[in-house]
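> This structure is in structure tokens; I'll ask about it shortly.
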Amino acid sequence: MDHLIFEVGLALVLIAAAGLLSAKLRFSVVPFYILIGMAVGPHAMKIWHLDFRFIESQPFIDFMGRIGILFLLFYLGLEFSVGRLVKSGRSIAVGGSIYIGINFTLGLIFGFVSGFPVAEALVIAGITTISSSAIVAKVLVDLKRTANPETEMILGIIMFEDVFLAVYISILSGLVLSDSSSVGGVIMSALIALGFMLIVIILGRKATPLLNKVLKIRSNELFSLVVFGALFLVAGFSETIHVAEAIGALLVGLVLAETEHAKRIEHLILPFRDFFGAIFFFSFGLSIDPLSLGGDAVWLALIAVALTLFGNFLAGMLAGRSAGLSPKASANIGLTIVSRGEFSIILANMGKAGGLMAMIQPFAALYVLILAILGPLLTKESKHVFRILDKIFKFKDTRKKKEEPKVLQKEG
């Protein structure tokens with residue numbers, strides 16, 4: 001018998017209960033959505049008509065979760081703008097290189113020191129390098145930090161990671177899945193990903209006057225269809241050329257943020273962002289089997305988390321300084337993008353498909369879970385974290401030094 005609607009209704013009730021609990025405890029809602037998803041699933045029980053295994057509905061819930069990622073990144077793009085991103089092009093390239101370089105190197109060293117073979121070490125390095133764009137987007141919006149000076153660097157690093165991911169998956173698919181992988185193919189994959197992003201941004205800016213005319217639609221129904229059609233078409237097309245669909249959604253948001261209809265689009269998208277975004281984090285929890293989280297995977301995950309926290313903070317400080325940001329804003333970069341999520345799970349699944357060591361799956365699940373919980377918490381409390389670290393390391397703000405002589409002259 002088809003109980004799809006009933007199971008989806010049960011999932012929504014559980015998600016709502018988790019949200020109410022997080023509101024009562026005044027804590028980030030993301031970990032609660034993930035944990036309630038972990039609590040149910042194939043390992044759970046069935047009580048009367050209440051099937052907490054979600055066997056029948058999980059594919060549909062996963063699909064709604066994918067839509068949630070699109071809305072989260074699309075809304076984040078709307079809150080930002082292409083103009084701000086273009087102005088910071090050089091600093092983003094430098095910051096993204098610093099971030100990838102530090103985290104990938106630490107991940108690779110960790111893999112080899114832990115005794116993993118080459119293929120496994122490369123998969124682990126990828127798992128520990130790529131941050132969760134969905135969690136980052138959710139936290140930035142919830143904490144109302146989209147206008148902060150460091151946000152353009154955070155978004156830039158997310159996009160830079162996607163170019164890296166396109167190249168890295170091309171390499172790994174050749175090594176792990178035994179497909180042919182040539183240097184030319186890898187370079188072409190990277191150029192296609194980067195070229196697609198640049199084309200959408202450049203054409204989008206030039207097409208702003210045209211978009212203003214096209215979107216002058218009185219009917220809310222037609223307006224919604226046009227906006228949603230553009231979002232899903234571009235996001236879906238980006239996936240066909242090996243650019244993450246979430247990045248395609250972000251690009252559409254960045255382009256439409258330049259139009260005079262941006263506020264209307266934000267108002268339209270807001271309820272869809274919240275609804276489908278919550279389902280994404282629940283579906284993410286469904287993909288983690290808590291019964292597999294044990295043994296050596298626990299210690300490996302804890303060590304990897306410690307390395308990631310160190311690497312992220314260091315990378316954030318260096319990337320922020322390279323862009324002329326204050327130590328506090330630089331610290332926010334590293335603390336905000338510390339969460340790991342959907343991309344890490346994808347790489348772990350690739351390792352499973354390639355017949356690599358079974359340890360990778362529980363390690364990745366536990367590592368992602370810890371950082372998915374720590375990430376939003378560290379971002380929310382970044383001010384206090386920075387104060388504690390500043391007392392120890394005495395971070396210097398070079399910009400204040402330049403301003404002090406001018407203040408002294410005026411006072412004199």
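The values are calculated or read from the model by the stated rules, or taken from the named source; none is laboratory data. Small disclaimer: the values here were computed from a predicted structure and weren't measured. Every residue, glycine as well, gets a Cβ built from its backbone with ideal geometry; the counts of neighbours run over all protein chains shown. Just so you know, the surface numbers come from the protein's heavy atoms only, side chains and all, with ligands and any DNA or RNA stripped out. Shrake-Rupley method; radii C 1.70, N 1.55, O 1.52, S 1.80 Å.
> So is L268 modelled with pLDDT of 90 or more, within 30 Å of I199 (Cβ to Cβ) and not small (G, A, S) or not?
Spelling it out, L268 is indeed modelled with pLDDT of 90 or more, within 30 Å of I199 (Cβ to Cβ) and not small (G, A, S).
> If the Cβ limit is 7 Å and pairs must be 6+ apart or interchain, which residue in the stretch 330-342 that is in contact (Cβ under 8 Å) with a residue 60 or more places away in the chain and closer than 14 Å to I100 by Cα pairs with which residue that is part of a helix (DSSP H, G or I) and open to solvent by 10 Å² or more (accessible area, probe 1.4 Å)?
V338/L309; V338/L374; V338/L378
> Can you tell me which condition M159 does not meet? The list is (1) under 21 Å from S326 (Cα atoms); (2) modelled with pLDDT under 85, and all the others hold.
M159 satisfies every listed condition except (1).
> Any residue that is in contact with a Lys or Arg (Cβ under 6 Å, 6 or more places away or on another chain) and under 30 Å from A230 (Cβ atoms) - is there at least one of those in the stretch 33-41?
No.
> Are any of the residues in the stretch 116-138 open to solvent by 40 Å² or more (accessible area, probe 1.4 Å) and part of a helix (DSSP H, G or I)?
Looking through the stretch 116-138, at least one residue is open to solvent by 40 Å² or more (accessible area, probe 1.4 Å) and part of a helix (DSSP H, G or I).
> Still on this structure, please answer the following. Can you name the residue in the stretch 209-225 that is touching a helix residue (DSSP H, G or I) at 6+ places or on another chain (Cβ under 8 Å) and open to solvent by less than 70 Å² (accessible area, probe 1.4 Å) and is also nearest to V252 (Cα to Cα) among such residues?
Going through the qualifying residues, I end up with L211.
> Where residues in the stretch 27-80 are open to solvent by less than 20 Å² (accessible area, probe 1.4 Å), of a type outside the set (A, V, I, L, M) and part of a loop (DSSP other than H, G, I, E, B), which of them is modelled with the highest pLDDT?
In this case the residue turns out to be S57.
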